Amino acid sequence: MSNLQIAHITLILKLLRSWVADQRPLMKKSFLFSAFLSLAISVYSQKVIKIKVNELETIINASLNPLVITFWATWCTPCIEEIPYFQEVVKKYGRSNVELLMVSLDFPKAYPNQIQAFTKKKRITSKVVWLDETNADVFCPKIDDSWSGGIPATLFVNNKSNYRKFFESRIPRKEFEKQINKLIK
């Protein structure tokens with residue numbers, strides 16, 4: 001990725017952060033922020049973008065499609081074991097517009113180089129972001145009140161049907177596919 005592309009993503013995120021902070025109606029801001037962030041991530045899929053928990057909340061709340069968010073780290077063996085079949089199953093349900101967002105909880109020293117190298121090595125095609133937060137007591141309850149901070153953790157959200165389910169453990173493939181079916185109903 002060129003320095004120009006990296007600068008472009010950085011500029012988009014800075015503009016969006018300042019724009020979200022102004023006084024426009026929340027729904028409009030949430031939708032547009034989510035759309036621009038999604039575009040920035042997908043256009044430059046090899047780039048792992050740094051986000052804050054409030055930005056992640058915006059993505060969750062503004063999602064128009066069924067959304068699976070997995071919280072993982074490059075050093076977490078159960079997390080790594082889930083990735084291939086998470087991607088396969090989500091791809092299988094592509095007609096239902098299911099999206100997979102992978103939120104890295106790696107330590108700051110791993111961002112961005114180690115995370116990007118890992119995603120390249122493992123051929124991860126899903127959107128990957130790094131959560132730039134250090135206090136799990138603050139960010140975990142913003143995702144789910146029951147989350148103690150353990151990983152892997154996965155959140156299933158469908159805002160159209162009001163479906164929301166959180167798991168703080170490894171999810172076997174059959175259970176994952178079962179949850180995807182509930183998500184798209």
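Observations
- Checking T119 against (1) part of a helix (DSSP H, G or I); (2) over 22 Å from N181 (Cβ atoms); (3) in contact with a helix residue (DSSP H, G or I) (Cβ under 9 Å, 6 or more places away or on another chain), the condition it does not meet: (3)
- Of the criteria (1) surrounded by 12 or more Cβ atoms within 10 Å (Cβ to Cβ); (2) within 15 Å of K50 (Cα to Cα), which one A153 fails: (2)
- Residues that are of a type in the set (S, T, N, Q) and not in a loop (DSSP other than H, G, I, E, B) within region 144-174 comprise T154, N158, listed in sequence order.
- Selection count where residues are of a type outside the set (D, E, K, R) and under 19 Å from V157 (Cβ atoms), scope region 101-142: 12
- There is at least one residue in region 91-101 that is in contact with a helix residue (DSSP H, G or I) (Cβ under 9 Å, 6 or more places away or on another chain) and within 12 Å of W72 (Cβ to Cβ).
- Once region 77-131 is narrowed to residues that are among the polar types (S, T, N, Q) and in contact (Cβ under 8 Å) with a residue 60 or more places away in the chain, the residue that is surrounded by the fewest Cβ atoms within 10 Å (Cβ to Cβ) is T125.
- Under the condition of being of a type outside the set (S, T, Y), in contact (Cβ under 8 Å) with a residue 12 or more places away in the chain and assigned to a loop (DSSP other than H, G, I, E, B), the residues counted in region 132-143 number 2.
- Only residues that are more than 21 Å from S104 (Cα to Cα), surrounded by 14 or more Cβ atoms within 10 Å (Cβ to Cβ) and not polar (S, T, N, Q) were counted in region 156-179, giving 2.
- If the condition is being buried (at least 20 other Cβ atoms within 10 Å of the Cβ) and more than 18 Å from W130 (Cβ to Cβ), then region 56-66 contributes A62, S63, P66.
- Filter result for V98 (more than 16 Å from the chain's Cα centre (by Cα), among the β-branched types (V, I, T) and over 18 Å from I80 (Cβ atoms)): no
- Summed over region 50-76, residues that are out of contact with any Cys (no Cβ under 7 Å at 6 or more places or on another chain) and part of a loop (DSSP other than H, G, I, E, B) total 8.
- For D137, the conditions (1) surrounded by 15 or more Cβ atoms within 10 Å (Cβ to Cβ); (2) out of contact with any Ser or Thr (no Cβ under 8 Å at 6 or more places or on another chain); (3) among the charged types (D, E, K, R); (4) closer than 18 Å to K52 by Cβ are fulfilled apart from (1).
Every number here is computed from the coordinates shown, using simple stated rules; none is lab data. None of these values were measured; they are calculated from a predicted model. Cβ: placed from backbone, ideal geometry, glycine included. Neighbour counts: every protein chain shown.
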